[in-house]
1. Counting only other chains, and only Cβ atoms inside 10 Å, what mean value do you get across the residues of B:358-370?
2. So what J values fall out for segment B:405-411 if you push phi through Karplus, 6.51 cos²θ - 1.76 cosθ + 1.60 with θ = phi - 60°, rounded to Hz, Gly and Pro as x?
3. Taking amide H positions as placed in the peptide plane 1.01 Å from N, state which residues far from A:Ala249 in sequence (5 or more) or on other chains have amide H under 5 Å from it.
4. Mind ranking A:197-205, A:76-84, A:59-67 by how tightly packed they are, going by the mean number of other C-beta atoms within 10 angstrom, highest first?
5. From the helices alone, meaning DSSP H stretches of at least four residues, give me the mean residue ellipticity at 222 nm for the protein assembly as shown, per-run term -39500 (n - 2.57), in deg cm²/dmol to the nearest 500.
6. What does the net charge come to around B:Ala249 if you take all other residues with beta carbon closer than 13 Å to its beta carbon, with K and R at +1 and D and E at -1?
7. If you roll a 1.4 Å probe over the protein assembly as shown with all protein chains in place, what percent of the accessible area is carbon or sulfur?
8. Normalising by the residue count of segment B:193-301, find the relative contact order in percent from Cα pairs under 8 Å and 6+ residues apart.
Number of protein chains: 2
Amino acid sequence: MPEHDDQEPEARGLSRRGLFGLGAGLLGAGLGAGATFAVGQAVSASAGGGTATAATVYPFYDDHQAGIVTPAQDRLHFASFDVADISRDDLVGLLQDWADAAALMTAGTPAGRYGAVNGPYDAPPDDTGEALGLPASGLTLTFGFGPSLFTSADGTDRFGLASQRPEALVDLPHFPADALVETLTGGDLCIQACSEDPQVAVHAIRNLSRIAFGRAALRWSQLGFGRTSSTSTAQQTPRNLFGFKDGTANIKAEDRTTVDAQVWAQPGDGPSWMDGGSYLVARKIRMTIETWDRTSLREQEAVIGRTKGEGAPYSGGTEFTAPDFSATGQGGKPLIAADSHVRLAHPDQNSGAQLLRRGYNFVDGNDDLGRLNAGLFFIAYQRDPRTQFIPIQENLAKNDAMNEYVRHVGSGIWAIPPGARTGSFPGASLFA
Amino acid sequence: MPEHDDQEPEARGLSRRGLFGLGAGLLGAGLGAGATFAVGQAVSASAGGGTATAATVYPFYDDHQAGIVTPAQDRLHFASFDVADISRDDLVGLLQDWADAAALMTAGTPAGRYGAVNGPYDAPPDDTGEALGLPASGLTLTFGFGPSLFTSADGTDRFGLASQRPEALVDLPHFPADALVETLTGGDLCIQACSEDPQVAVHAIRNLSRIAFGRAALRWSQLGFGRTSSTSTAQQTPRNLFGFKDGTANIKAEDRTTVDAQVWAQPGDGPSWMDGGSYLVARKIRMTIETWDRTSLREQEAVIGRTKGEGAPYSGGTEFTAPDFSATGQGGKPLIAADSHVRLAHPDQNSGAQLLRRGYNFVDGNDDLGRLNAGLFFIAYQRDPRTQFIPIQENLAKNDAMNEYVRHVGSGIWAIPPGARTGSFPGASLFA
């Protein structure tokens, strides 16, 4: 028979809720030395600027939340939550419990004090177990607050947060050709889980959903199987499901001037609790890939404005050559077409606005007509959506030749508070 | 401007269909020397009995199809197809085109002669491009024929194959508590794509679906993000979403006696075209993980009959210790409960019948109640479902304590013909 200590006095009567309610200080004290180190100090990433390895541990407690300028990991599980009819204190309790569990899981340890197998034997395990034995795999967990957390649909200020809502946390406008599905939009809270191992990302969202039981429930969620952006100069540019390299001109973590100017909310931008935070816009973009796949290579490249193989701009050069929008070819026509994606999305066409993209390819089975339900789960971080995502997307939604091949079906915006101090949770100063 | 040879005479007017119709011989002749080698002789797996690396190439042309005893890769894209109202010759043409493309893709090369970027510039590319630059990543593509290919629902023998239907290719019976969704069942043809890289598996199914356009359409499909079985003694046992090690007692490729007795159809078993083939049963099993996660560790372990951490049988020992079903504890009760999964699924309780399991964990978003739509995509290969999967599942469906936590929503059975001779396709002798 297995050796379970049914009687361990410390364990008895301690509920998951109670355990997490104790906070990270006691949590740390109750853990072995190795785990305490991992929670409190988090081992630095061994992969440097490149792609994480299985052993990579990104610090959870830091000035900024991890999962933004962190080198984009290969796999995603994104989740949006609705908060139940609970008190402000219970909301704080949930965020604290989430952060405590996130600190453990990002360090490669189980979600709770007793893990998946160490009892108490007559209670559900603290952790669901499917990541037992798996390393941290570069897991990051990034938490966000949606507009509806501050302003309920019925106009009530249920958590007393309305006065603290940043002006930059706007409700996204309706864009031309939006085909949003209500059940794939919005959410009071969001969690972005990224990892090199999908089982590690899924395990994290599952355990955080479980911890939220009775306090918040999954509204919608999305798995992404392959990154479509690099966020470090050390990473190779991946390909999206149009078969093109994506994110060649993305903001890279190494360019700290641009990161500060375009990604992090700065003092004075809005309420101080957001200083060092960012704003996340997610869009579930279904691609009509069967139509795309019947389009000529000429048309595909004209739509993008880049070559398919190398990813070079149509004005010439190689992948990282800057596009020359003034270059013309036969008959004086621009080499990079006026309605090409690369032109319309370029900072030069958008008052210098850029986005830090962190999107993922997805396939969710197929529809009744045998077409793959596939596309891009677009994720972008920015300092202010009013001057970045929104005008860029308005420009694209009106003019982009790519619109014939995409349909925006999901959407959300969240304020991403700065990182948590050790033992606290991201966004704690919003509630101070 | 990019250099595309708009005028290449060889390319002009050659449709994808026409290209594939030429067969592998000419295909090989038209390719560079490296690609010809890869198609004709396929580099052997470098990973031996263990898990594949990015560089691993499994031979497509072989005595048995790859993807059965091949060390289970980490990622899955499974697809079931319905054949359109086409002739027997067109069906043969489809299977030949699929095999030609499969030989190319499993070797790490694009799906067609001109790939994704080499023109003709005014035609759609031969390959969709998202796997450009990615290595073979241990890709295997395994093709199967469903009962409905032999016997149409309306009783017609549309392809003249009815007399060649193996008796072992039965219609699966209704099992107690089946909750099958019609749109997740059956299919005339199936393709199992397994790879270490999900983008490589998705690319393969997408390109094969595209090649089938007008001849067969996707009926249902499933992504699996993590393997739940080992098929080699060199692999570690992975965990399913119950958090338990799965497949400890699975058939391993190294046990050739058991593989021959339990996996491969032998001469005399049925029609000779199936000699060296196998039978695949797939079941989409949704787990009610929220309920499971609220169950005590004691109950979880009793349901499985093994410990959660080590995976040791409840009769004692370590993971690979054989369970002792006669061992009793307090009050003479069996240590491994009568309704435990490990007991009911064990060969000793099933007249020695075993299955080679190759299942995958899946998460397909969440339902309206905020519960993860998650579970196990069960895949089993066997010599004869009438004496293997069916009686085992009847036993489990009636008695297994695990039934409280699972719901079978998808199902299918396919005859998996033996491997293809170079330049031919799997199952060619069925049409001879």
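1. Numbers: counts 0, 0, 0, 4, 3, 10, 4, 10, 11, 1, 3, 2, 12.
Counting Cβ atoms of other protein chains within 10 Å of each residue's Cβ and averaging gives 5.
2. 10, 9, 9, 7, 10, x, 6
3. Answer set, sorted by chain and number: none.
4. Details: A:197-205: 26.2, A:76-84: 23.4, A:59-67: 21.9.
Sorting A:197-205, A:76-84, A:59-67 by mean packing, highest first, produces A:197-205, A:76-84, A:59-67.
5. Working: 22 runs with 189 residues, N = 864.
For the protein assembly as shown, the value works out to -6000 deg cm²/dmol.
6. Values: positive: B:Lys245, B:Lys252, B:Arg306, B:Arg343, B:Arg357; negative: B:Asp246, B:Asp255, B:Glu319, B:Asp348.
Around B:Ala249, the charge tally is +1.
7. On the way: 15880 of 31180 Å².
Of all accessible area on the protein assembly as shown, carbon and sulfur atoms account for 51 percent.
8. Values: 77 pairs, mean separation 14.3, N = 109.
Relative contact order comes out at 13 percent.
The values are calculated or read from the model by the stated rules, or taken from the named source; none is laboratory data. Quantities reported herein were computed from a predicted structural model and do not represent experimental measurements. As a convention, Cβ positions derive from the backbone with ideal geometry for all residues, glycine included, and neighbour counts pool all protein chains shown. Surface accessibility is based on the protein's heavy atoms, side chains included, excluding ligands, DNA and RNA. Shrake-Rupley method; radii C 1.70, N 1.55, O 1.52, S 1.80 Å.
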